[in-house]
Amino acid sequence: MSPVFPMLTVLTMFYYICLRRRARTATRGEMMNSHRTIESNSRTSPLNAEVVQYAKEVVDFSSHYGSENSMSYTMWNLAGVPNVFPSSGDFTQTAVFRTYGTWWDQCPSASLPFKRTPPNFQSQDYVELAFEQQVYPTAVHVLETYHPGAVIRILACSANPYSPIPPAEVRWEILWSEKPTKVNASQARQFKPCIRQINFPTNLIRLEVNSSLLDYYTELDAVVLHGTKDKPVLSLKTSLIDMNDLEDDDYEEKDVCGMDSLNKKFSSTALGEGPNNGYFDKLPYELIQLILNHLTLPDLCRLAQTCKLLNQHCCDPLQYTHLNLQPYWAKLNDSSLEFLQPRCTLVQWLNLSWTGNRGFISVAGFSRFLKVCGSELVRLELSCSHFLNETCLEIISEMCPNLQDLNLSSCDKLPPQAFNHIAKLCGLRRLVLYRTKVEQTALLSILNFCSELQHLSLGSCVMIEDYDVIASMIGAKCKKLRTLDLWRCKNITENGIAELASGCPLLEELDLGWCPTLQSSTGCFARLARQLPNLQKLFLTANRSVCDTDIEELACNCSRLRQLDILGTRMVSPASLRKLLESCKDLSLLDVSFCSQIDNRAVLELNVSFPKVFIKKSFT
């Protein structure tokens with residue numbers, strides 16, 4: 001071979017590296033000029049006119065603030081034309097996710113983070129939107145009406161959700177990605193990120209959000225997809241400039257998602273003998289293992305190809321005791337699980353949240369994986385894993401005898417009868433059933449047999465008929481319970497609260513937000529304060545009956561209180577809040593939004609006296 005060709009290859013690689021370096025160092029003005037250049041160089045003929053469309057349907061989402069039986073504050077408000085924009089403020093006709101800020105990470109119910117989570121994966125929630133026509137995207141506009149800035153990633157899917165024929169291949173491509181950034185203004189805005197081109201038409205768009213830097217709940221009104229029916233043609237000059245608008249993280253993230261090539265990356269057949277292993281031969285085995293613990297999963301896969309010694313280390317099951325596969329949801333499939341299987345015999349923590357949808361993971365593939373890797377499993381995260389069915393839960397109950405932590409949040413396609421199998425997991429300490437179809441009979445069985453439960457989430461479980469019966473069983477059987485989420489449970493009364501307060505004295509966290517049947521006049525909130533001195537978080541959101549007496553009882557009895565939400569009450573005065581703040585020295589979050597007796601002046605005075613407390617007040 002002529003020596004010219006290797007030299008050309010080296011020059012090409014050098015040119016590519018220079019382009020990436022320029023992307024990192026380009027000024028904001030240069031990048032804006034790049035955007036304008038792309039727009040001016042797009043050759044769009046009249047026959048390929050731009051199509052502008054709003055979302056036709058909300059296909060899937062991970063959480064929402066609203067109820068399953070209404071439209072207020074739900075993700076379903078993202079379908080169709082704007083309801084609120086360009087107005088700013090808190091409106092029930094918008095889409096709102098369940099959490100904001102870092103408060104939820106500071107609660108007793110918060111789970112420990114997984115090791116080896118890539119730093120460029122910071123998504124907390126998502127929503128998927130279907131549009132009428134498939135187009136090549138040229139722009140995606142998000143209409144944000146309150147506390148904008150949560151959207152950090154926009155993706156497009158090759159699958160048509162309205163096609164009667166299942167696609168042979170499903171691809172997800174990142175249109176735009178950015179690290180979480182603080183937006184100081186809370187007013188409405190039309191968010192118009194500069195998206196990259198993809199080589200397939202789409203009518204399925206996914207928004208991923210991170211609300212950790214927000215001061216309050218973000219509210220989204222609509223999403224607009226711009227695109228052309230035919231693929232736009234860009235000049236070479238435009239393509240190169242467009243490259244500069246992409247961050248390194250975009251390339252890394254795309255590469256990180258390549259889980260379908262795990263078998264190639266782990267293969268040791270291509271390893272050469274090599275002269276030696278460098279200084280790694282002189283290091284103790286345990287030290288090399290410790291060093292490799294800092295690598296992400298794809299980096300571990302790449303390193304396995306370098307030499308036989310490192311291949312041995314990278315394939316050691318001890319490297320996979322904590323396995324977080326959620327960041328790779330876009331490509332994870334049965335083949336990926338099959339290739340990871342021999343290395344996961346000692347896995348203890350496994351995160352498969354968001355994975356397996358649209359046929360990526362089959363019931364058979366999941367079952368094969370758990371039969372080999374489930375014996376040591378202690379924690380299993382399966383949030384929004386819609387491939388799950390009753391067989392999967394039966395396999396979990398049989399193959400995971402040591403399981404203590406099970407998250408089925410938003411697995412709303414699981415049939416009610418599937419939850420009966422959870423009762424076999426007698427060692428459970430944490431169970432998340434938020435937005436599932438668990439029924440009362442199955443839940444009573446779970447509570448009866450899983451007496452070691454310490455954390456239980458039943459938020460938005462609309463199939464439960466009588467929450468007083470559930471509360472009575474919790475009080476009788478779950479004496480070790482520390483956190484309980486009853487968000488939007490529709491019919492719990494003071495009787496159920498009495499059973500909880502007397503039977504679960506260790507409770508540190510209780511969410512009774514949007515529980516309309518609880519009335520302060522019955523003494524239920526005062527009882528909670530007197531009988532649960534360890535309370536650190538108490539949410540009484542949208543309960544208009546909370547009064548000064550309840551606040552004063554909390555001040556007298558719950559000195560460890562850190563978070564209190566009394567949004568919407570009409571009966572609480574600034575004087576009682578001052579008593580609370582003086583008694584509860586660790587209080588960090590106090591939400592008094594829409595509390596009619598608490599005006600701006602009162603909030604300002606409390607902020608001056610107690611500067612360490614985040615006091616949230618909203619009016620509109």
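Overview of results
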read-out	value
Residue check for Thr218: in contact with a His (Cβ under 6 Å, 6 or more places away or on another chain), closer than 23 Å to Gly66 by Cα, assigned by the TED database to the domain that holds Gln124 and surrounded by 20 or more Cβ atoms within 10 Å (Cβ to Cβ)	yes
Subset tally (residues that are in contact with a Pro (Cβ under 8 Å, 6 or more places away or on another chain) and open to solvent by less than 70 Å² (accessible area, probe 1.4 Å)) for region 187-196	3
Residue selected from region 499-548 under the condition hydroxyl-bearing (Ser, Thr, Tyr) and part of a loop (DSSP other than H, G, I, E, B), by the criterion nearest to Thr92 (Cα to Cα)	Thr541
Contacts under 8 angstrom Cβ, first residue in region 382-406 being open to solvent by less than 10 Å² (accessible area, probe 1.4 Å), partner among the acidic types (Asp, Glu), 6 or more apart	Cys384/Asp60
Residue match in region 549-565 (condition: open to solvent by less than 60 Å² (accessible area, probe 1.4 Å), under 23 Å from Asp90 (Cβ atoms) and in contact (Cβ under 8 Å) with a residue 40 or more places away in the chain)	yes
Residue match in region 592-613 (condition: over 19 Å from Asp511 (Cβ atoms) and assigned to a strand (DSSP E or B))	no
Breaking point among (1) at pLDDT below 90; (2) in contact with a helix residue (DSSP H, G or I) (Cβ under 6 Å, 6 or more places away or on another chain); (3) part of a helix (DSSP H, G or I), for Leu271	(3)
Residues located in region 145-173, provided they are closer than 18 Å to Ala222 by Cβ and assigned to a loop (DSSP other than H, G, I, E, B)	His147, Pro148, Gly149, Ala150
Any hit, region 392-410, residues being under 26 Å from Leu486 (Cα atoms), among the small types (Gly, Ala, Ser) and outside any loop (DSSP other than H, G, I, E, B)	yes
Scope region 162-192; condition basic (Lys, Arg) and free of Cβ contacts under 8 Å to residues at least 40 places away in the same chain; matching residues	Arg171, Lys182
Considering residues of region 347-381 that are open to solvent by less than 50 Å² (accessible area, probe 1.4 Å) and charged (D, E, K, R) only, the residue farthest from Ile165 (Cα to Cα)	Arg379
Within region 540-575, tally of residues that are under 23 Å from Tyr217 (Cα atoms), in contact with a Lys or Arg (Cβ under 9 Å, 6 or more places away or on another chain) and not hydrophobic (A, V, I, L, M, F, W, C)	7
Test: Val81 is surrounded by fewer than 16 Cβ atoms within 10 Å (Cβ to Cβ) and of a type in the set (A, V, I, L, M)	yes
Only listed residue being surrounded by fewer than 19 Cβ atoms within 10 Å (Cβ to Cβ) and touching a Cys at 6+ places or on another chain (Cβ under 7 Å), chosen from Cys426, Cys344	Cys426
Scan of region 100-132 for residues that are outside any loop (DSSP other than H, G, I, E, B) and open to solvent by 10 Å² or more (accessible area, probe 1.4 Å), ordered by number	Trp103, Trp104, Asp105, Gln106, Asp125, Glu132
Residues (among the charged types (D, E, K, R) and open to solvent by less than 30 Å² (accessible area, probe 1.4 Å)) located in region 308-341	Asp316
Residue identified as closer than 22 Å to Thr99 by Cβ and either at pLDDT below 95 or part of a loop (DSSP other than H, G, I, E, B) (or both) among Ser618, Ser559	Ser618
Per-region count, region 573-585, residues part of a loop (DSSP other than H, G, I, E, B) and either under 34 Å from the mean Cα position of the chain (by Cα) or within 21 Å of Trp104 (Cβ to Cβ) (or both)	2
Residue list for region 192-206, restricted to those being more than 11 Å from Val135 (Cβ to Cβ) and either outside the structural domain of Leu175 (by the TED database) or not aliphatic (A, V, I, L, M) (or both)	Lys192, Pro193, Cys194, Arg196, Gln197, Asn199, Arg206
Checklist (1) closer than 27 Å to Lys616 by Cα; (2) at pLDDT 95 or above applied to Gln134, failing item	(1)
Residue in region 144-156 that is farther than 30 Å from Ser88 by Cα and either in contact with a strand residue (DSSP E or B) (Cβ under 8 Å, 6 or more places away or on another chain) or at pLDDT below 95 (or both) present	no
Scan of region 195-217 for residues that are over 23 Å from the mean Cα position of the chain (by Cα) and assigned to a loop (DSSP other than H, G, I, E, B), ordered by number	Arg196, Gln197, Ile198, Asn199, Phe200, Pro201
Number of positions in region 584-605 that are within 15 Å of Asn557 (Cβ to Cβ) and open to solvent by 50 Å² or more (accessible area, probe 1.4 Å)	2
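The values are calculated or read from the model by the stated rules, or taken from the named source; none is laboratory data. Keep in mind it's a predicted model, so treat the numbers as computed, not measured. Cβ coordinates were reconstructed from backbone atoms using ideal geometry, including for glycine residues, and neighbour counts include every protein chain displayed. The area values use the complete protein model at the heavy-atom level, side chains included, leaving out ligands, DNA and RNA. Shrake-Rupley method; radii C 1.70, N 1.55, O 1.52, S 1.80 Å.
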